[in-house]
Amino acid sequence: MEKLVSAEVAAMSTVAEILTTLMVRAGLSDNELADRTGIPQPTISRIKNGNSRDPRDSTLRPLAEYFRLSVSQLRGDVPLPTDRVCVAANDQVVEVDEETLHLALAIQSLSSSERGALQALVDSLSQPKACGTEVVKKAG
């Protein structure tokens with residue numbers, strides 16, 4: 001599992017470098033990012049090629065939001081977070097913090113019966129609580 005925003009990306013200083021690297025890491029083409037953000041593909045290409053040296057915040061905002069960054073981070077004015085990772089699960093790629101990743105890996109290491117018991121616990125906790133109190137008698 002590769003970090004989406006690594007120390008290498010965090011050290012970059014231009015919006016062109018940062019955007020290009022983020023797109024490569026996410027496996028996105030200019031057209032795909034345009035479709036997902038509503039920013040025209042030619043605009044994305046100009047930013048990536050450095051032909052738009054100081055793009056407007058209103059242009060960068062949807063791009064930053066897509067990558068879960070601030071505009072200042074996308075511009076390189078504020079350091080990027082390095083503790084997020086992309087994880088492929090159930091035919092989806094999601095971005096999680098390292099604590100969540102460690103929890104998921106711990107759950108994955110459980111036996112099938114242990115995972116079943118954990119799922120039953122989670123299911124019971126997600127059920128609406130009844131207004132009354134249930135008394136359970138012990139056999140014996």
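Out of region 30-70, which residues are of a type in the set (Gly, Ala, Ser) and within 25 Å of ASP97 (Cα to Cα)?
First pass over region 30-70, keeping only residues of a type in the set (Gly, Ala, Ser): 34, 38, 45, 50, 52, 58, 64, 70.
Within region 30-70, ALA64, SER70 meet the criteria.
Suppose we keep only residues that are charged (D, E, K, R) and exposed (fewer than 12 other Cβ atoms within 10 Å of the Cβ) within region 98-114. Which one would you say is farthest from the chain's Cα centre (by Cα)?
First, the residues of region 98-114 that are charged (D, E, K, R): 98-99, 114.
Filter again for exposed (fewer than 12 other Cβ atoms within 10 Å of the Cβ), leaving 99, 114.
Details: GLU99: 13, GLU114: 28 Å.
Among them, the one singled out is GLU114.
Looking at the structure I just gave you, is ILE18 at pLDDT below 95, surrounded by 17 or more Cβ atoms within 10 Å (Cβ to Cβ), of a type outside the set (S, T, N, Q) and not in a loop (DSSP other than H, G, I, E, B)?
Answer is yes for this residue.
Scan region 47-77 for residues that are more than 23 Å from the chain's Cα centre (by Cα) and either crowded, with 18+ Cβ neighbours inside 10 Å or under 19 Å from ASN31 (Cα atoms) (or both) and report the count.
Residues meeting the conditions: 5.
Can you work out which of the residues in region 22-37 that are crowded, with 16+ Cβ neighbours inside 10 Å and under 18 Å from GLU95 (Cα atoms) is modelled with the lowest pLDDT?
ARG25
Given the conditions (1) among the polar types (S, T, N, Q); (2) assigned to a helix (DSSP H, G or I); (3) at pLDDT 85 or above, and given that THR100 satisfies all but one, which numbered condition is not satisfied?
Unmet condition: (3).
The values are calculated or read from the model by the stated rules, or taken from the named source; none is laboratory data. For clarity, every value in this text was computed on a predicted model and none was experimentally measured. Glycine also receives a Cβ, built like all others from the backbone with ideal geometry; neighbour counts cover every protein chain displayed.
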